[in-house]
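Nothing in this text is a laboratory measurement; each read-out follows from the coordinates by a stated rule. Just so you know, these numbers come straight off a predicted model, no measurement behind them. Glycine gets a Cβ as well: all are built from the backbone with ideal geometry, and neighbour counts include every protein chain shown.
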Amino acid sequence: MYRELAILGGVPEFAEPLHVGRPNVPDQESALRRIKEAIDRRWLTHFGPLVQQFERDLARTAGVKHAIAMCNASIALQMLIRASGLKGEVILPSFTFVATAHTLQWEGVTPVFCEIDEKTGNIDPAHARQLITERTTGIMGVHLWGHPAPTDELQALADEHGLRLFYDSAHAIGSHRDGRPVGGFGDAEVYSFHATKFINSFEGGAVVTDDDALAERIRAVHNYGRVEGDYVTCIGTNAKMTEIAAAMGVTSLENMPYLIDVNRERYEHYLAGLDGIPGIALRRPLPENDVNHQYVVLEVDEAEAGLGRDGLVAALKAENVLARTYFHPGCHRAEPYVQDPARHTPLPLPRTERLSGRVVNLPTGTGVTVDDVDRLCALIRAMVSQSAALRSAVA
């Protein structure tokens, strides 16, 4: 039926798939030049000049003193957790990619899943307050879809209870709250540079912080516990970023203004193209936030649209549009946490569950043209219109 919705509307199918998170490669020539220079130097890893440059550029972008680049963001979160000495329980939103919870669990820390503010999708500080116990040692905020979390409220809560405050900022490089760049909030933040992120290093991540002592411990932990002179100070592992990854990272980062402009242009076309469709609305940033727009998030009201989120995703897939349902059904409903009731009680989180069943991420970035966006909006408009017509005919 959903395939018929598009065909009946006369909207052409997409010959090539439209993907969420298709990698941006804004300047192949510069990236390849840097890779060749690294090969010619025969310095391919272990804190080469490109990793050093990437770390300097990241620190400047985040507005902090320290950036420690790593092989991926999940490992960066683990190194932050290990170096900070977190124990017991850490409160985090359930509505996030499961890696946020997994990294805590992997380091022996119990994730305690928190409710969200449905307006933003970000962690609800009031519910976080209710979850604090004598075992709580920290809060892990998430800047969902690049939209800054309630940093002031979380900092006040952490200060009141003597808790560490970290952020999973995988989506949020280039975003700002009240003019301040995401990266300098809390005790430390972690960026992701996975290939699907709008700034990528093929695969990579980084911890950014103003805490000198924490940065020193992280540098040791992510290099087998070694410091200058090969002196081993603690148990560590190999989490270093390679020069090849840094070559892509440096190139991506220097093109960030252009990439944000591309994202914003597509977002504005989605805003215009979807305007007025019953039951269809784009998630928008709060007025105090300036975001990178690397995610275009559509919210579907089934009662008004005549079809639900899952029906829309199925219909789009039939037309070669590979939309994503980030982050359904919430970490608290993920099998590993449901199956361990002694440590994780999958409490109902009604706001998380409602929002996770209503949102869908649409393709954007350099892999999607403005014409693609306009056609996709027309396709969604036709689907909703014809779904309403079919329902009316059945009634």
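With labels modelled as points extended 7 Å from the Cα through the Cβ direction, what inter-label distance (nm, one decimal) is found for L390 paired with E13?
That separation, rounded to one decimal, is 1.6 nm.
Find the relative contact order for the chain and round it to a whole percent, using C-alpha pairs within less than 8 Å whose residues are 6+ positions apart.
Working: 834 pairs, mean separation 95.9, N = 395.
Relative contact order comes out at 24 percent.
Give the calculated FRET efficiency between A156 and L286 to the nearest 0.05, with a Förster radius of 22 Å applied to their Cβ-Cβ distance. Intermediate values should be presented prior to the final figure.
Numbers: r = 18 Å, r/R0 = 0.83.
For A156 and L286, the calculated efficiency is 0.75.
Using a cut-off of 13 Å between alpha-carbon atoms, which aspartates and glutamates can reach K240, once sequence neighbours fewer than 8 places away in the same chain are excluded?
Within reach: E55, E203.
List the GluC sites (Glu not before Pro) within the range 109-167 that DSSP assigns to loop and that have no more than 10 neighbouring Cβ atoms inside 10 Å.
On the way: sites: E115, E118, E134, E153, E160; in loops: E115, E118, E134.
In loop regions of the range 109-167 (DSSP not H, G, I, E or B), the sparsely surrounded GluC sites (Glu not before Pro) are E134.
Given H placed 1.01 Å from N in the peptide plane, which residues other than close sequence neighbours of N72 have an amide H under 5 Å from its amide H?
Sorted by chain and number, the residues that satisfy this are G205.
Residue by residue through the range 305-312, what is 3J(HN,Hα) from phi via Karplus (6.51 cos²θ - 1.76 cosθ + 1.60, θ = phi - 60°)? Round to whole Hz and write x for glycine and proline.
Running phi through 6.51 cos²θ - 1.76 cosθ + 1.60 with θ = phi - 60° gives 7, x, 8, x, 4, 5, x, 5 Hz.
Can you give the FRET efficiency to the nearest 0.05 for Q52 and Y258, using r as the Cβ-Cβ distance and R₀ = 25 Å?
0.55
Give the residue list of trypsin sites (Lys or Arg not before Pro) in the range 270-349 that are DSSP loop and have at most 14 other beta-carbon atoms within 10 angstrom.
Sparse-neighbourhood loop trypsin sites (Lys or Arg not before Pro): R343.
Given a cut-off of under 8 Å on Cα pairs at least six residues apart, what relative contact order in percent is computed for the range 28-254?
Answer for the range 28-254 is 27 percent.
Indicate, rounded to the nearest 5 percent, the antiparallel portion of the DSSP beta bridges found entirely in the chain.
For the chain, the DSSP antiparallel bridge percentage is about 60.
Pull up the cross-link candidates among the lysines for K197, meaning alpha carbon to alpha carbon under 16 Å and not fewer than 8 places away within one chain.
Result set, ordered by chain and number: empty.
Nearest 20 debye, what's the magnitude of the dipole of the chain about its Cα centre given +1 on Lys and Arg Cβ and -1 on Asp and Glu Cβ? Before the final figure, lay out each step's value.
On the way: 38 positive and 51 negative charges, 135 e Å.
Value, rounded to 20: 640 debye.
Return the sequence-ordered ³J(HN,Hα) values of the range 165-171 in whole Hz as given by the Karplus equation 6.51 cos²θ - 1.76 cosθ + 1.60 applied to θ = phi - 60°, using x for Gly and Pro.
The phi angles translate into 10, 10, 10, 7, 10, 3, 9 Hz.
Towards the positive end of the charge dipole of the range 312-356, with charges on Cβ (+1 Lys, Arg; -1 Asp, Glu), say which of L316, C331, L349 has the farthest Cα.
L349
How large is ³J(HN,Hα), in whole Hz, for each residue of the range 380-385 in order, when computed from phi with the Karplus curve 6.51 cos²θ - 1.76 cosθ + 1.60 and θ = phi - 60°, using x for Gly and Pro?
Calculated HN-Hα couplings, in order: 5, 4, 5, 4, 5, 4 Hz.
Let me check I've understood the local charge: for N72, count other residues with C-beta under 14 angstrom from its C-beta, Lys and Arg +1, Asp and Glu -1. What total comes out?
0
Restricting to DSSP loop positions (anything but H, G, I, E, B) with no more than 10 other Cβ atoms inside 10 Å of their own Cβ, which chymotrypsin sites (Phe, Trp or Tyr not before Pro) remain in the range 80-157?
Passing sites in the range 80-157 do not exist.
Quick check for me: using +1 on Lys/Arg Cβ and -1 on Asp/Glu Cβ, what's the dipole size of the range 28-254 about its Cα centre, in debye to the nearest 20?
700 debye
Just to confirm my numbers, what's the Cα centroid distance between the range 279-348 and the range 223-238 in Å?
After rounding, the separation between the Cα centres reads 41 Å.
Can you give the local net charge around V373? Use residues other than it whose beta-carbon is closer than 10 angstrom to its beta-carbon, Lys and Arg +1, Asp and Glu -1.
Within the 10 Å Cβ shell, the charges total -3.
Under a plain spin-label model, where a point goes 7 Å from the Cα along Cα-to-Cβ, how far apart in nm are E29 and V98?
Result: 4.4 nm between the two label points.
Would you please state which residues of the range 324-345 a label at A303 would reach in this model, taking the label point 7 Å out along Cα→Cβ and a backbone N cut-off of under 13 Å?
Correct set: none at all.
Restricting to DSSP H runs of at least four residues, report the calculated mean residue ellipticity at 222 nm for the chain, -39500 (n - 2.57) per run over all residues, nearest 500 deg cm²/dmol.
-12500 deg cm²/dmol
Arranged by the count of other C-beta atoms within 10 angstrom, fewest first, what order do S385, S201 take?
S385, S201
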